[in-house]
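First the structure, in the form of structure tokens, and then the observations on it.
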Amino acid sequence: GGQEEEDGGAAAAAQDSRTIYVGGLPYEVTDVEIEQYFSEYGQVERIDKLTFNDSGRFNGIAFVTFDSGRSAKKALAASGHAFYDDERYLVVRKYVSGGGNSNGAGKKNGGAQLPIERVKGYNRVYVGNLPWQCREEEVREWFSGVGCKIKFLRMGADKEGNFRGFAHLHFATDECMDKALQLNGEYWDGRQVKISPAVPPKR
């Protein structure tokens, strides 16, 4: 025993040990998706998403708190794995509360905070927040309707093959890419569809 004398904030420390830092999440992600993804490691109790200061939009980093430190430890195994089939890889590590040292370390490799930049010639987009009942043909028609030539379309699905509300598209030309990005924010069945340039996989 004697834990309390050492740090006074035993409860806070206990929560820290049940919390993980998760970076590299898709900007369009919902709490439900985060919870479902990490539920294979244990019961998720809360999710705190960080946002960009200027826009207030989610910046791809979240703190996930589990019911036990054991679950949190197991979840560290998700580091380096793709989130469903997003092209980025997750960075999962132990949560360090207010540790001054972690900030310095985070800045150097904090590329995730930058808005996604378009890479010339990499004509792929990530489409998020699609209606769950939409089908591949409809997504195809939606983009070809504005004159986009689609080279490749992949609907995002979970392990069971259920559509997860997002898709990746690869277009033939830069012009198609421009047209596709102009559809960002359009509504489909009452949902605001998010379209952003896909991030080239890091080699």
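The values are calculated or read from the model by the stated rules, or taken from the named source; none is laboratory data. Worth saying up front: this structure is predicted, and the values here are computed from it rather than measured. Here the Cβ positions follow ideal geometry from the backbone for every residue, glycine too, while neighbour counts run over all protein chains shown. When the accessible area is computed, the model is the full protein with side chains, heavy atoms only, and any ligands, DNA or RNA have been set aside. Shrake-Rupley method; radii C 1.70, N 1.55, O 1.52, S 1.80 Å.
Pull out all pairs, ordered by first then second residue, where Cβ-Cβ is under 7 Å, the residues are six or more apart or on different chains, the first lies in segment 150-169 and is free of Cβ contacts under 8 Å to residues at least 60 places away in the same chain and within 22 Å of ASP189 (Cα to Cα), and the second is open to solvent by 10 Å² or more (accessible area, probe 1.4 Å) and not in a strand (DSSP E or B).
Going by the 7 Å Cβ cut-off, the qualifying pairs are LEU153/GLU136; LEU153/ARG140; MET155/GLU136; PHE163/TRP132; GLY165/ASN129; GLY165/TRP132.
Does at least one position in segment 105-120 carry a residue that is at pLDDT 90 or above and of a type outside the set (S, T, N, Q)?
Among the residues of segment 105-120, not one is at pLDDT 90 or above and of a type outside the set (S, T, N, Q), which makes the answer no.
Just to be sure, is GLY42 surrounded by 13 or more Cβ atoms within 10 Å (Cβ to Cβ), in a strand (DSSP E or B) and at positive phi?
no
Take LEU25 and tell me if it is hydrophobic (A, V, I, L, M, F, W, C) and open to solvent by 50 Å² or more (accessible area, probe 1.4 Å).
Considered against the rule, which asks whether it is hydrophobic (A, V, I, L, M, F, W, C) and open to solvent by 50 Å² or more (accessible area, probe 1.4 Å), LEU25 comes out as no.
Can you tell me which residue within segment 158-189, out of those that are open to solvent by 40 Å² or more (accessible area, probe 1.4 Å) and either under 16 Å from PRO26 (Cα atoms) or basic (Lys, Arg) (or both), is modelled with the highest pLDDT?
Residue satisfying both the conditions and the ranking: LYS179.
(1) within 21 Å of ALA157 (Cα to Cα); (2) not in a loop (DSSP other than H, G, I, E, B): which one isn't true of LEU50, the others all being true?
That leaves (1) as the condition not met.
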